[in-house]
1. Which order do peptides 44-57, 196-209 fall in by mean Cβ count within 10 Å, highest first?
2. Where does helix 194-205 land angle-wise versus the long Cα axis of the chain, in degrees 0 to 90, nearest 10?
3. Compute the acute angle (0 to 90°) between the alpha-carbon long axis of helix 88-97 and the principal axis of greatest extent of the alpha-carbon atoms of the chain; round to the nearest 10°.
4. Would you mind getting me the FRET efficiency between residue 158 and residue 25? Use the beta-carbon distance for r and R0 = 45 Å, nearest 0.05.
5. When all protein chains stay in place, what accessible area (Å², nearest 10, 1.4 Å probe) is found for residue 5?
6. Looking at the square roots a ≥ b ≥ c of the eigenvalues of the Cα gyration tensor of the chain, which shape do they give, rounded for a/c under 1.5, prolate if a/b is larger than b/c, or oblate?
7. Run the simple label-point estimate for residue 105 and residue 177 please: 7 Å along Cα→C-beta, distance reported in nm.
8. How tilted is helix 2-26 with respect to the longest principal axis of the chain? Cα atoms for both, answer in degrees (0 to 90, nearest 10).
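The values are calculated or read from the model by the stated rules, or taken from the named source; none is laboratory data. It should be emphasised that the depicted structure is a prediction, and the values quoted were computed from it without experimental measurement. Ideal geometry is used to build each Cβ from the backbone, glycine not excepted, and the neighbour counts take in all protein chains shown. Please note that ligands, DNA and RNA were not included when accessible areas were found on the heavy atoms of the full protein model with its side chains. Shrake-Rupley method; radii C 1.70, N 1.55, O 1.52, S 1.80 Å.
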Amino acid sequence: MAATILFSILLVAAVLILALLLALYLVPVTVSTIAGCSRESARATATVAWGIVGARVRVADEVQVLEILLAGRRIMARDLGEMAAGKPEEKEEKIEEKRPARPVREYLDAAGDLWPHIRTILKTVYRSLYLESLRGDITLGLASPADTGVVYGYCTAIRYALRPAEAIDFVVTPVFDREVFEGTFSLRMQIRRPLLILIAVARALLDRPVRERLRRVSGRGAAGA
């Protein structure tokens, strides 16, 4: 009887793990961003969603909110300003425990050592990206009309170079008699087969030299610790 129950539990656990892996392979991660700015205000919203689970960050003049979403509905919200501020006691502890900054050279050496793994992960991420839409409508005016014309010329050249890509539509309207920067921007893209990215990251972390190098550069231990 006990063996049957144990076998049933293991079978259910195996089915759940396989279902999760299948979902990570088939269900893409959707990333969307909408931003706008004008003379009076600026605002931006970024959303990351996987299936029915998601997170959204909304930033405006006096609003900085992180929201957790379930089926598109907000189930939890946290004020980013309050989270960044933290408690006074926590701030004091962090100041006391703050370690001296490491030289930039050490980080560059670590990046060089880890570059083969980083390159593999970046390749996997790049192959998984799919751009659904990139839209922008910007009104631009600089202090110098000549500078405005130069920037507009570059933007126009880039726009026509990207014209065959139907997902991209970026328009810049020049203004030569005043300084202005306002408009809207939207981006929507998918990260397909996120499981492949997780496998690439896990494969790198399973390499002992990689783990030791990361521990050294983070100050958590020495090689072989």
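1. Going by the mean number of other Cβ atoms within 10 Å, highest first, we get 44-57, 196-209.
2. 60 degrees
3. Around 80 degrees separate the two axes.
4. The computed FRET efficiency comes out at 0.80.
5. Accessible area of residue 5: about 90 Å².
6. Prolate, since a/c reaches 1.5 and a/b exceeds b/c.
7. It is 5.8 nm.
8. Roughly 20 degrees, rounded to the nearest 10.
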